[in-house]
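Have a look at the structure below before the remarks.
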Amino acid sequence: MFTRFSDIDRLFGTMDLLRQRLDNMSTDYNRPYRSSWLMEDGFLRANLYQSGDAFEMRLEVPGMDKDALDIKIQGNYLEISGKREQDVPDGYKVHKTERLNGTFSRSFTLPDDVDSARVEAKLKDGVLYLTLPKSEAAKPRQITIS
Amino acid sequence: MDKNTEIAKREDRNLEKTRELYEVAPAVDIYENDDEILLYADMPGVVKEEVSVNIDNGRLSLSGVRKLETGGAASWEEFGNVEFVRNFSVPQTIDVEKVKAELKSGVLALHMPKSEAAKPRQIEIKTA
């Protein structure tokens, strides 16, 4: 009975494929679909990962350099703001401008306090990588049984 | 009998492939002047090695695969590994040999120079 589980898994896989094909229909008509680095409400896209003593964060910031970004941390409150300015080339006619410009700001309440002195930020290939070590009080502690 | 190996074998035998990379169309800006057509495409997280640009018979295809390194357990994810795909029709007058592509902080810049014959020419009027 339980060896048939893979068939159920396959069934769901096929359903995923159908959904993906439907989602991709707009891509086939050459309209951008869910690809803007800003979401509809003007938020940056962000991923948060957690390990025992640190948070890892990834944010999409295409075409921005480090001076254009502002990161603030206080306790478990994180705020990222910035501005993207388009490098409109001189003397060119414009055919299409889909890439968004302007200012943005997003704040997060992290699940735990962060040791703000040891936060590291790295910018690579249009993605901002943040390493946020948890503060001592929020770190997991090994308890030895006496 | 180990049930796990049984499952793995069934998976191998399946003909249809159900895990595909999600495809999205990148947002683009297109500019043109007398010498070239300039295209910018936002592809955050894509590295140089994973980008392909093809121009064939008036059809330009862009593709960039994003492979993100992840760390720890995900609390939330708003973007993941995708393939940025988009196709355009370009005029035949593009000088394919001289097309230049640059990738800088997740933005692809594609310079497509027009061939000499297609450039507008100023005609000087001679006085008789």
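Residues of the range A:99-126 being touching a Phe, Trp or Tyr at 6+ places or on another chain (Cβ under 9 Å) and within 13 Å of chain B (Cβ to nearest Cβ), which ones?
Hits for the range A:99-126 are A:Arg99, A:Leu100, A:Arg106, A:Phe108, A:Thr109, A:Leu110, A:Pro111, A:Asp112, A:Glu120, A:Lys122, A:Leu123, A:Gly126.
Test B:Met1 against the criterion of being open to solvent by less than 50 Å² (accessible area, probe 1.4 Å) and either modelled with pLDDT of 90 or more or more than 7 Å from chain A (Cβ to nearest Cβ) (or both), and give yes or no. Spell out how you get there, then give the answer.
Details: open to solvent by less than 50 Å² (accessible area, probe 1.4 Å): no; either modelled with pLDDT of 90 or more or more than 7 Å from chain A (Cβ to nearest Cβ) (or both): yes.
So B:Met1 fails the test.
Residues to consider are A:Lys139, A:Lys83, A:Lys134; find the one that is surrounded by 13 or more Cβ atoms within 10 Å (Cβ to Cβ) and without any contact (Cβ under 8 Å) to a residue 60 or more places away in the chain.
Numbers: A:Lys139 fails: without any contact (Cβ under 8 Å) to a residue 60 or more places away in the chain; A:Lys134 fails: without any contact (Cβ under 8 Å) to a residue 60 or more places away in the chain.
When all the criteria are applied, what remains is A:Lys83.
Which residues, counting only those in the range B:85-118, are within 29 Å of A:Gly63 (Cβ to Cβ) and open to solvent by 50 Å² or more (accessible area, probe 1.4 Å)?
B:Ser89, B:Pro91, B:Thr93, B:Val96, B:Glu97, B:Lys98, B:Lys100, B:Ala101, B:Glu102, B:Leu103, B:Lys104
Identify, by number, the condition in (1) open to solvent by less than 20 Å² (accessible area, probe 1.4 Å); (2) part of a strand (DSSP E or B) that B:Phe79 doesn't meet.
That leaves (2) as the condition not met.
Within the range A:55-146, which strands (runs of 3 or more DSSP E) (wholly inside it) include 3 or more residues that are in the same structural domain as A:Leu44 (by TED's automatic domain parsing)?
Working: elements: A:69-74, A:77-84, A:93-97, A:102-109, A:120-124, A:127-133.
It comes to A:69-74, A:77-84, A:102-109, A:120-124, A:127-133.
The values are calculated or read from the model by the stated rules, or taken from the named source; none is laboratory data. Small disclaimer: the values here were computed from a predicted structure and weren't measured. Here the Cβ is made from the backbone with ideal geometry for all residues, glycine too, and neighbour counts use every protein chain on show. Note: areas computed on protein heavy atoms with side chains; ligands, DNA, RNA excluded. Shrake-Rupley method; radii C 1.70, N 1.55, O 1.52, S 1.80 Å.
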